[in-house]
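Following: one structure in structure tokens, then a few remarks.
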Amino acid sequence: MITHLKNGRLYCPVMGADGVIQDIYIRDGKIIAKPNASEKISQTYDLTGKIVMAGAIDMHSHIGGGKVNIARMMLPEFQETKNYSEPEAHICTPNCSHHATPNTADTGFRYIEMGYTAAFEPAILPINARQAHLEMADTPMIDKGGYAMLGNDDYFLRLLSRKADQKAINDYVAWTLHATQAIGIKVVNPGGISAFKFNQRRLNLDENHSYYQVSPRQILKSLSTAVQQLGIAKPLHVHCNNLGAAGNFQTTLDTMGASDGVPMHLTHIQFHSYGTEGDKKFSSAAAQISEALNKNKHITADVGQILFGQTVTASGDSMMQHLNTKFASPKKTVIMDIECDAGCGVVPFKYRDENYVNALQWAIGLEIFLSVEDPWRIFLTTDHPNGAPFTSYPHLIRLLMDKSFRNEAFAKLNLDAQAMSNLTSLNREYSLYEIAIMTRAGAAKLIGLNDRGSLSAGAAADITIYTDQPDREAMFAKPDYVFKDGELVVKNGVVVKVVWGKTHTAKPEFDIGVEQDLTQYFDKYHTIQLDNFKISNDEIASDGRGGVITHTQSN
Amino acid sequence: MEISSNTQQDNKKVVATCPACGLLCDDMSLEIKQSGIKVLNTNCTKSIQFFEQPLGETTPKINGESVTLQQAISHAVTLLKSSKNPLFAGLSSDVQGFRAVYSLAQKTNGHLQHLNSESMARNMAVLQSTGWQTTTLTEVKNRADVLMCIGTDIVSHNTRFFERFIWLSQDSSAMFTDSSKREVIYIGENLNTQAGVSPDGKQPTSINCSQSDLPEILAVLRALIAGKKLKMQTVAGVQVSGLLAIADKLKQAKYAVLAWIAKDLDYAHAELTIQTITETVALLNSQTSRAAGLSLGGSDGDTSANNANTWLSGFSLNDDKFDHDAMVWTNSFSANKLPGKTDFPLIVLGNANTTFEQIPDVFIPIATPGLDCVGTSFRVDSAVILPLKKVRENKLLTLSEVVTQIEALL
Ligand SMILES: [Zn+2]
Ligand SMILES: [Zn+2]
């Protein structure tokens, strides 16, 4: 069984293919080199004039787990938004259901229809990981995986405050990855979620947690070092302190230095790029942030672009979300302290283009996209659903690729915000090749997915095929074909076969001796047994529908 | 799991997880003998009843007559085929069981209604109108210095709550507070406050009032916390000075926990009482200290069903009443909770010990997760999800196995 994709124009940064006409062959779910003449081709697709990319990978999207489900539960009204008026109407693709809180089936279907073949849940609370995996197991069509949150859990903070050696931290980090079946480690508002439980309301990078007397900087240093020393491909995923606060760009700049050159990924950096200039004491610091990103080669970032319309912000950052409860729209919020492990804050939000702050947030995100020079170090996200639902990616791609479209949208914004942004002076238009880096090759490399994001022989045959259209939104919204592990699953934007995808993990080696201390800790302070904390491969397999793929770093 | 191969041996001991209430205690020490299971380390009657229940009749029945499984399944299929809109009620199971029933309901144009739908709806109404600020059991254990039990003694539903999360046993301890010094406050109607007496004999604060006066009294408490000066001396027979003392305790707490159980707030518009509680928590958090709400209870797999329904459909389970022309009652856990009387065809997929008032058209005994088969359950705080073990050997099929067979024939 060989499938032949003929005459397509390939955009594959792994191969260095920038619009090269080249054939692809698929066998047993993998891309293979050109077979010899004796081998039978069972199916051929003529892709003349079509654009071929690897399946897209969303490296940061809240698709499963406690806070996502709380958002669904709290917002039944979100499930019935079909007729859009402005401003939603002008951000949506015609087919876009624009649910900020899709159910698991919707999530899988909407992703694959756009040619995305994997998405990563960036905020798995270790104690709640089983729920995240249950939800991801019920998410069809795509591969998934997640980052386990550490740095606000009392076990780690106790280690750090008693100056445990780095090895003890490393073992605990590796143990957590195994136990939670995650592929990376995230820290959200380092120390802040825990500090909020002790009634601290803000925490700056060099301010101490009142109980543990450790600072966010120390937490970042310790965790980023652990991730690096363990050989985990995915750099520490960092949601900085002071999310959303005017003037927070300084924290973000300082955070870049907190790891002393060890790789870190700063997530939804748009929400951390705010200055305090102007009458409204809220301004764009995109220029400073982009300049620092260009300079600091050990730092990667995703944008967390906002787009106008109704959504919900679901974050682990209970401290900062508690401050945001007053902005909730509709007026309801959930704030939770969770299991001496983490927290969460769910705040529905409506971004309005006539609102000064929202309009500027929109511009700041785009300014960052256009000012960061290396597409291998900046990633396309809306921090779904926090900035906008992931279904708005085709629109976002058009904003990046089409300057006149972007400037037209800019002209509709709040006038004061327009005056505070240099967006129209940025002439850059992303190329297809650069989009392929951001959404495919770069994302796979960042996460450490050895066989994804590439069209070269040996890669998994996750492939998306588009018709080249000048309207890039229309093009990216509705691919002609999507192949998942070699099977045709989408034709003309419609799902033709349901598959379930696998779960990507990383499992570095560690000293199992760490379980002795952990067992004592659990028995004394926790409310479940250590063994029940750990998620087995069998649980993920879920009667054979799912499965675990473990990646090892190749260097 | 590891147990199944060893159940032949006498006197095997295992540690298991108990799904009999929302706490999901996973420290149950069981002795497994040929003659049955014995719970060794607790006298929680719910756990004992659960683990020590005998294995009932395992043959399926049509109209009370024993039949083969295939006959029972094909009769259920016939009934479902002639139904336009079946009601899937009960829904007491684990995640896997619920998921299977959800799928069957999708396929048959059916509606879902959990046996606790009425009390669950009270909480959902608050979540969907204002949201809330809540906490989970490990936070309570390590942090809570004041616990207020509102309209509930808690222990009628969650027997080991005080033992496991408030007073703590010898080998357990709280990280951030002296557990023996915790303040416990009760407010409600004739509550049994015994569990709230501290290990060194300190009595809890208790305010006795009728449940139906809770809305008014809690509104006054909230006003006092907000700093309002009130002229009245009493509210619904309760001294305002007593409420003021409670308000001060809550404000001075490092981490006050306000607990309720929706099932115990059983009167019209009880959701408004819950909302007053959660608004009081939000008010405390907007002032100078920390506080959190805690919704307890949780039984019959309701937390699992609600969570799974939410991610599968996008909606929480609700308390809507549906027109239907057939009923499928599923209950993996309890032998005693039965469907209400129905004039329509009734299919029961239930605990093998179930005894009926109304003989169902089809009865298929199914495995109980945590006892006869493995499974996955949500704890009442929804933060923790635990695997359930198989601790005894028998041939009962799981709910999802039976439902999958039915679905395949539709
Ligand atoms: Zn975040
Ligand atoms: Zn995020």
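Springs join every pair of Cα atoms under 10 Å in this Gaussian network model of chain B, and among B:V14, B:V380, B:V146 the largest mean-square fluctuation is at B:V14.
Just round it to a whole percent: the fraction of Cα-Cα distances in region B:121-295 exceeding 25 Å.
The answer is 27 percent, as a whole percent.
For region B:84-133, a decrease in accessible area of 40 Å² or greater in the assembled protein chains relative to the isolated chain, with a 1.4 Å probe, applies to B:R99, B:L127, B:Q128, B:W132, B:Q133.
With the simple spin-label model, which puts each label point 7 Å out from Cα in the Cβ direction, the B:L244 to A:K491 separation comes to 7.8 nm.
The order of A:E113, A:E539 by accessible area, most exposed first and with a 1.4 Å probe, is A:E539, A:E113. Placing unit charges on the Cβ atoms of the charged side chains and taking the dipole of chain B about its Cα centre, the candidate lying farthest along the positive direction among B:G90, B:F315, B:G242 is B:G242. When B and A come together, around 4400 square angstrom of accessible surface is lost from both chains combined, probe 1.4 Å.
Amide H contacts under 5 Å for A:A461: A:K30, A:I31, A:D485, A:G486, restricted to partners 5 or more places along the chain or on a different chain, H placed in the peptide plane at 1.01 Å from N. Measuring nothing but how far apart in sequence close Cα pairs (under 8 Å, 6+ apart) lie, relative to its length, chain B scores a relative contact order of 26 percent.
Across B:R222, A:R202, the residue with the most accessible area heads the list, and the full order at a 1.4 Å probe is A:R202, B:R222. Of the GluC sites (Glu not before Pro) found in region B:39-77, those that fall in a DSSP loop while having at most 16 other beta-carbon atoms within 10 Å are B:E52, B:E57. In region A:56-447, the DSSP beta bridges split such that about 40 percent are antiparallel, to the nearest 5. The distance from the alpha carbon centre of region A:462-539 to that of region A:6-52 is 26 Å, rounded to a whole number. With the simple model of a label 7 Å out from the Cα in the direction of the Cβ, A:A246 to A:R201 spans 1.7 nm. Between region A:423-447 and region A:215-245, the C-alpha centres lie 24 angstrom from each other. Diffusion of region B:5-51 by Stokes-Einstein, at 10 °C in a medium of 1.306 mPa s and with Rh set to the Kirkwood radius over alpha-carbon pairs, works out to 146 µm²/s. Expressed as a whole percent, the accessible area of region B:121-295 that falls on carbon and sulfur atoms is 49 (1.4 Å probe). Using the Karplus relation 6.51 cos²θ - 1.76 cosθ + 1.60 with θ = phi - 60°, the per-residue 3J(HN,Hα) values for region B:30-40 come to 10, 9, 10, 10, 3, 7, x, 9, 10, 7, 9 Hz, with x marking Gly and Pro.
Candidate cross-link partners of B:K263 among the aspartates and glutamates, defined by an alpha-carbon separation under 13 Å and a same-chain spacing of 8 or more, comprise B:E118, B:D153, B:E271, B:D300, B:D302.
Dividing the helix sum by the residues of chain A, where each DSSP H run of 4 or more adds -39500 (n - 2.57), gives a mean residue ellipticity at 222 nm of -8500 deg cm²/dmol.
Put simply, the amide H of B:I366, placed in the peptide plane, has neighbours under 5 Å in B:G350, B:N351, B:A352, leaving out anything fewer than 5 places away on its chain. Placing +1 on the Cβ of every Lys and Arg and -1 on the Cβ of every Asp and Glu, with no other charges, gives the protein assembly as shown a dipole of roughly 840 debye about its Cα centre. The mean number of Cβ atoms from other chains found within 10 Å of a Cβ in peptide B:297-307 is 1, as a whole number.
As a quick test, which of the pairs A:K524/B:K202; B:K46/B:K389; A:K331/B:K141; B:K46/B:K202; B:K38/B:K337; A:K524/B:K12 have an alpha carbon distance above 29 angstrom in this structure?
Distance filter (> 29 Å) returns A:K331/B:K141.
The distance from the alpha carbon centre of region B:161-237 to that of region B:251-316 is 16 Å, rounded to a whole number.
So how exposed is A:D46, as accessible area in Å² (1.4 Å probe, rounded to 10)? Roughly 100 Å² of A:D46 is accessible to a 1.4 Å probe.
Estimated at the nearest 10 Å², the accessible area of A:R440 is 10 Å² with a 1.4 Å probe. Ordering A:L446, A:H60, A:L159 by Cα displacement along the dipole of region A:56-447 toward the positive end leaves A:L159 in first place; charges were set at the Cβ atoms of Lys, Arg (+1) and Asp, Glu (-1).
In the context of the full set of protein chains, region B:121-295 has a per residue accessible area of 38 Å² (1.4 Å probe).
The string of couplings for region B:280-292 from the Karplus curve (6.51, -1.76, 1.60, θ = phi - 60°) is 5, 4, 4, 5, 4, 5, 8, 9, 10, 9, 9, 8, 7 Hz, one whole number per residue in order, with x for Gly and Pro. Based on C-alpha pairs under 8 angstrom that are at least 6 apart in sequence, chain A has a relative contact order of 21 percent.
The fraction of all Cα pairs in chain A landing in successive 20 Å bins from 0 to the largest distance is 23, 58, 19, 1, given as whole percents. Straight-line cross-link reach from A:K40 at under 25 Å between alpha-carbon atoms covers these lysines, not counting any fewer than eight positions away in the same chain: A:K6, A:K30, A:K50, A:K484, A:K491, A:K497. Computed from the Cβ-Cβ distance with R0 of 25 Å, the FRET efficiency linking A:N294 to A:D18 stands at 0.65.
Buried on complex formation within region A:327-350 (loss of at least 10 square angstrom of accessible surface versus the isolated chain, 1.4 Å probe, ligands and nucleic acids ignored): A:K331, A:K332, A:T333, A:V334, A:I335, A:M336, A:D337, A:I338, A:E339, A:C340. Straight distance only, please: which lysines reach the Cα of A:K412 with their own Cα at less than 18 Å, same-chain residues fewer than 8 apart left out? Partners found: A:K350, A:K403. Rounded to the nearest 20 debye, the dipole size of region A:317-406 about its Cα centre is 460 debye, using +1 on the Cβ of Lys and Arg and -1 on the Cβ of Asp and Glu.
A cut-off of 5 Å between modelled amide H atoms, ignoring neighbours fewer than 5 places along the same chain, links B:W132 with A:T333, A:V334, A:I335. Largest GNM mean-square fluctuation among B:A20, B:A121, B:A226, using chain B with Cα springs under 10 Å: B:A226. Think of each Lys and Arg Cβ as +1 and each Asp and Glu Cβ as -1; about the Cα centre, that makes the dipole of region A:56-447 roughly 500 debye. Sorted largest first by accessible area at a 1.4 angstrom probe radius, with every protein chain in place, the residues A:M420, A:M73 fall in the order A:M420, A:M73. DSSP bridge analysis restricted to chain B gives an antiparallel fraction near 30%, rounded to the nearest 5. Only Cα pairs under 8 Å and 6+ residues apart enter the sum, and on that basis the relative contact order of region B:324-395 stands at 23 percent. Residue-wise HN-Hα couplings along region A:398-404, as the Karplus relation 6.51 cos²θ - 1.76 cosθ + 1.60 with θ = phi - 60° gives them from phi, are 5, 4, 7, 9, 9, 5, 5 Hz; Gly and Pro carry x.
Spin-label model, A:S536/A:E39: points 7 Å from Cα along the beta carbon direction are separated by 3.8 nm. A 1.4 Å probe, protein heavy atoms only, puts the accessible area of B:C18 near 10 Å².
Surface composition of region A:410-462: carbon and sulfur make up 51 percent of the accessible area, probe 1.4 Å.
What is the calculated FRET efficiency for B:D325 to B:S210, with r their C-beta to C-beta distance and R₀ = 35 Å, to the nearest 0.05? Result of the calculation: an efficiency of 0.25.
Expressed to the nearest 5 percent, the antiparallel share of DSSP beta bridges inside the protein assembly as shown is 45 percent. In the full protein context, region B:5-51 carries 46 Å² of accessible surface per residue, based on a 1.4 Å probe and ignoring ligands, DNA and RNA.
The values are calculated or read from the model by the stated rules, or taken from the named source; none is laboratory data. Because the structure is predicted, anything quoted here is derived from the model rather than measured. When we count neighbours, we look across all protein chains shown, and the Cβ atoms used for this are built from the backbone with ideal geometry, even at glycine. All accessible areas refer to the heavy atoms of the entire protein, side chains included, with ligands and DNA or RNA removed. Shrake-Rupley method; radii C 1.70, N 1.55, O 1.52, S 1.80 Å.
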